[in-house]
Amino acid sequence: MDLSLNKSQIGVQTVGRAMQLVRFLSSRNKEGARLTDIVEYSGLSKPTVYRLIKELMACGMVMQAANRRYHLGHFAYELGLVAASNFNLRDICEPSLNRLAEITGDTVFLTVRSGDDSFCLDRKTGHFPVKVFSLEIGHRQPLGVGAAGLALLSQIPENEMKIIIQNNERFLGSYGGMNGENLLRLAQNARKAGYSFLSDFAIPGVSGIGMAVVDMMGYPVLSLSVTTISSRMTLSHQNEARNALQKEVVHLRNLLCRQNPLLLNKKQSTCV
């Protein structure tokens with residue numbers, strides 16, 4: 001540890017590291033994570049990880065199962081229930097997802113940012129017989145991977161975007177051989193276009209288009225995306241999906257501003 005850090009800086013650093021571990025465990029909560037998995041992911045020393053895990057266990061944020069794997073604890077669940085009363089995005093967005101699935105016939109995803117990751121909050125399927133389940137509800141992956149995550153990343157200021165990409169650089173190769181330079185270029189292009197589009201990227205034969213709902217300062221609150229097999233994603237279908245996404249993004253931004261201004265952090269008078 002850097003001895004030049006004062007107590008306040010050390011405290012902030014510890015909280016940040018602890019939250020990093022909590023986010024990782026949330027992505028592995030079903031099967032659990034071994035201590036070695038957490039050490040490898042975090043890049044921290046084993047003693048540091050063990051100390052942080054013990055502290056998180058003491059306050060109920062983390063638990064250890066009989067097989068010695070770590071999972072989120074009861075207090076994490078309790079926090080989720082309390083937060084849901086203010087951030088009921090899944091319920092608010094469900095009608096929009098249903099409309100998108102009906103109009104496009106494809107699989108539609110609701111995704112939010114979680115630190116340097118994207119998190120799949122909900123998924124709806126359309127009538128097209130070939131279903132694309134590229135994400136499971138609750139799935140977490142590096143921000144910028146996939147059309148939904150790329151839409152979110154593209155709306156973050158570029159200096160912050162570069163930091164996120166740098167933090168995730170070591171994980172990107174697992175997604176179609178992606179690297180930080182290519183991801184930055186894709187995010188910049190998506191920002192200019194106002195939407196993201198990926199074809200045969202992380203999953204061969206799958207294409208997706210995504211669009212973010214942003215707050216009054218331009219920061220992304222959530223993203224909606226439409227995903228289908230690449231042979232179906234013709235230019236005509238892209239336009240259909242993009243137009244449908246645009247309508248729902250405008251609708252949700254106004255709806256969130258009226259029903260849940262905490263999410264947009266703005267006064268009622270700024271809604272349109």
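Residue-by-condition table, conditions (1) within 21 Å of Thr228 (Cβ to Cβ); (2) touching a residue at least 12 places away in the same chain (Cβ under 8 Å); (3) of a type in the set (Val, Ile, Thr):
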| residue | (1), (2), (3) |
| --- | --- |
| Thr107 | yes, yes, yes |
| Thr111 | yes, yes, yes |
| Asn159 | no, no, no |
| Phe171 | no, yes, no |
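Of all residues in region 187-216 being without any contact (Cβ under 8 Å) to a residue 40 or more places away in the chain and in a helix (DSSP H, G or I), which is surrounded by the most Cβ atoms within 10 Å (Cβ to Cβ)?
Arg191
Quick check on this structure: which one of Glu136, Glu94, Glu158 is under 26 Å from Arg258 (Cα atoms) and open to solvent by 50 Å² or more (accessible area, probe 1.4 Å)?
Glu94 is the lone residue from the list that is under 26 Å from Arg258 (Cα atoms) and open to solvent by 50 Å² or more (accessible area, probe 1.4 Å).
Taking into account only those residues within region 29-43 that are outside any helix (DSSP H, G or I) and surrounded by fewer than 17 Cβ atoms within 10 Å (Cβ to Cβ), which is modelled with the highest pLDDT?
Arg34
Determine which member of the set Val22, Val49 is open to solvent by less than 60 Å² (accessible area, probe 1.4 Å) and at pLDDT 90 or above.
Val49
So Phe109 fits all but one of (1) part of a helix (DSSP H, G or I); (2) at pLDDT 95 or above; (3) surrounded by 15 or more Cβ atoms within 10 Å (Cβ to Cβ); what number is the exception?
Condition not satisfied by Phe109: (1).
Note down all Cβ pairs under 7 Å where the first residue falls in region 71-83 and is closer than 15 Å to Met57 by Cβ, the second is surrounded by fewer than 13 Cβ atoms within 10 Å (Cβ to Cβ) and modelled with pLDDT under 65, and they're at least six residues apart or on different chains.
From residues that are closer than 15 Å to Met57 by Cβ, there are no pairs.
Within the group Leu184, Leu150, Leu222, which residue is open to solvent by less than 70 Å² (accessible area, probe 1.4 Å) and more than 14 Å from Arg113 (Cβ to Cβ)?
None of the others qualify; the one that does is Leu184.
The values are calculated or read from the model by the stated rules, or taken from the named source; none is laboratory data. Predicted model only: the values in this text are computed from it and were never measured. For neighbour counting, all protein chains shown are included, and Cβ atoms are generated from backbone atoms with ideal geometry for every residue, glycine included. Side chains included, ligands, DNA and RNA excluded: accessible areas come from the protein's heavy atoms. Shrake-Rupley method; radii C 1.70, N 1.55, O 1.52, S 1.80 Å.
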